[in-house]
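Colleague: Please see the structure below; I have some questions.
FYI, it's all coordinate maths here, none of it is from the lab. These figures come from a predicted structure and were not determined experimentally. Cβ placement follows ideal geometry from the backbone for every residue including glycine, while neighbour counts extend to all protein chains displayed.
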Amino acid sequence: MRSGLSEFGAPELTLQQKIFQINWLLIFLVCAIAGVGFAMLYSAANGDWQPWASRQAVRFGVGLCIIFVLALIDIRLWMRCAYLFYFGALGLLIAVEFMGVIGMGAQRWIDLKVFQLQPSELMKIALVLALARYFHGLTLEDVGRPTFLIVPLIMILVPVALILRQPDLGTAVMLVLGGGILFFLAGVRIWKFLTVIGLGLGSLPFGWSFLHDYQKQRIMTFLDPERDPLGSGYHILQSKIAVGSGGLSGKGFLKGTQSHLNFLPEKQTDFIFTMLAEEFGMIGGALVLALFALVMVYGLFIAMRSRTQFGRLLAMGVVSTLSLYVFINVAMVLGLIPVVGVPLPLISYGGTAMLTIMIGFGLLMNVYIHRDTKIGRRWDETTP
């Protein structure tokens, strides 16, 4: 064993070398997106930093510290603790069943006095860590055997079942899609996905009976918003009006009529992209989406530069989670999918969502810094 050497014979990085390896372009892109969020929350409060923008700025500052701390921890420690984090998040999900706080008709939060924690958000990152750890220990031949896929399927389905009980369909869908993406990246063959999709489509009539009334109502409203324009269809209709009224260049900062006259609901959280499109138009919305696209593409490059399966899957998983956040939120406010309550990363107001995203960026930075670090297939293997 060559202690202190990487897989390629280079000395392991010291703390000082890791600090110099910090990817400042990624930090700049994260800060740029967060800056847009501060501006929109300032606008949502009619030109006031209170109550949303100031709190979001403090949370973001804490999040930046989290990024730097997580990035400097040895990536092999993250792999060793991956299952621990997963079961910790799972324990919190179970705790919601017994001591969860009910808000907006759902029991999703745990009151920590300082802030309310939403364990389902943390599970998005914990699941990525656990699946990356599991598939890292398998060969391509193992991945091709159905018996080796039972454990990761259970790792996805158990938290999904707990989250559906809260109920939170949007987060459950994100976990299933995110887990499916990691399965594909790990080498699971296409025909297995087609089989699962076919079974899923065939079970839709059966699954419909298990949906809550409000979830059924959201789907029916998505198919025909005009059926109840002042009730269940109000949110999406007002969102479409606001986006359309923004035109090409928007009405101007602080001049959105739908949002500032309170026609637009949840403008500081789920529908914040709608307010942005109204004030800055299609050009502003496209620029924000371009910033997200840059982060995603840059994250993919980081993943491809990693020399280990765990690093690649971890980075890909973080990028996939971010992509799902953005796609579902934007598609939701444009009426392309049913309203499911998924925030826009770094822009929507929210504590646990911000924490989850910043943890994800910290892990992505960690993969970049430790891109040449050797990780064996067993947890205690660190060199060839």
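Colleague: Within region 15-369, how many Lys pairs that are eight or more residues apart, or on different chains, come under 27 Å at the alpha-carbon?
Modeller: The number of close lysine pairs in region 15-369 is 13.
Colleague: Here's another thing I want to ask about it. For the chain, what's the radius of gyration and Dmax over Cα atoms, in angstrom?
Modeller: 21.5, 70
Colleague: Taking 0.36 nm per intervening residue step and subtracting the Cα-Cα distance, what contour gain separates Ala106 from Thr139 on full extension?
Modeller: Between Ala106 and Thr139, full extension yields an extra 7.7 nm.
Colleague: Quick one: net charge around Met354, please, counting Lys, Arg +1 and Asp, Glu -1 for every other residue with C-beta under 12 Å from its C-beta. Can you show the working numbers first?
Modeller: Working: positive: Arg55, Arg59; negative: Glu121.
Taking every other residue near Met354 into account, the sum is +1.
Colleague: Could you check how many percent of all C-alpha pairs in region 224-319 are farther apart than 22 Å?
Modeller: 46
Colleague: When you count, for each residue, the other Cβ atoms within 10 Å and take the mean per peptide, how do 180-189, 317-326 rank with the highest first?
Modeller: Numbers: 180-189: 18.3, 317-326: 23.3.
Those peptides, ordered most packed to least, come out 317-326, 180-189.
Colleague: Could you tell me how many degrees, from 0 to 90 and to the nearest 10, lie between the Cα long axis of helix 309-333 and the main elongation axis, the longest principal axis, of the Cα atoms of the chain?
Modeller: 0
Colleague: What is the packing order of peptides 146-155, 77-86, taking the mean over residues of other C-beta atoms within 10 Å and listing the highest first?
Modeller: So the peptides 146-155, 77-86, ranked by packing, come out 77-86, 146-155.
Colleague: Could you work out how far helix 351-369 tilts from the main Cα principal axis of the chain, as a 0 to 90 degree angle to the nearest 10?
Modeller: Relative to the chain, helix 351-369 is tipped by roughly 30 degrees.
Colleague: Sticking with this one: Determine the equivalent ellipsoid of region 254-305 by diagonalising the alpha-carbon gyration tensor, then write out the semi-axes as square roots of 5 times the eigenvalues, largest first, rounded to whole Å.
Modeller: So the equivalent ellipsoid measures 30, 12, 5 Å along its semi-axes.
Colleague: What is the spread of the Cα atoms of region 13-68 along each of their three principal axes, largest first, in whole Å?
Modeller: 48, 17, 8
Colleague: Same structure, new question: As I understand it, the dipole of region 15-369 uses +1 on the Cβ of Lys and Arg and -1 on the Cβ of Asp and Glu, about the Cα centre. Which of Ala44, Leu291, Leu25 lies farthest toward its positive end?
Modeller: Checked the options; the winner is Leu25.
Colleague: Within 15 Å, Cβ to Cβ, of Leu322, how many net charges do the neighbouring residues add up to if Lys/Arg are +1 and Asp/Glu are -1?
Modeller: Once all neighbours under 15 Å are counted, the net charge is 0.
Colleague: Next question, about the same structure. Need one word for region 54-194: rounded, prolate or oblate. Basis is the Cα gyration tensor (sqrt eigenvalues a ≥ b ≥ c); a/c below 1.5 gives rounded, then a/b vs b/c decides. Mind dumping the intermediate values first?
Modeller: Working: a/c = 2.25, a/b = 1.40, b/c = 1.61.
Cα axes put region 54-194 in the oblate bin.
Colleague: Further, regarding this structure: Just order 158-168, 62-72 by mean Cβ neighbour count inside 10 Å, highest at the front, would you?
Modeller: Values: 158-168: 18.7, 62-72: 17.0.
Peptide ranking by packing, descending: 158-168, 62-72.
Colleague: Might you report the magnitude of the Cβ-based charge dipole of region 15-369 about its Cα centre, with Lys and Arg at +1 and Asp and Glu at -1, to the nearest 20 debye?
Modeller: Approximately 800 debye in magnitude.
Colleague: Let me ask something else. Relative to the longest principal axis of the C-alpha atoms of the chain, give the angle of the C-alpha long axis of helix 24-44, reported between 0 and 90° and rounded to the nearest 10°.
Modeller: It is inclined by approximately 20 degrees.
Colleague: Quick one: in region 242-384, what % of C-alpha pairs are over 22 Å apart?
Modeller: For region 242-384, the fraction of Cα-Cα distances above 22 Å is 48 percent.
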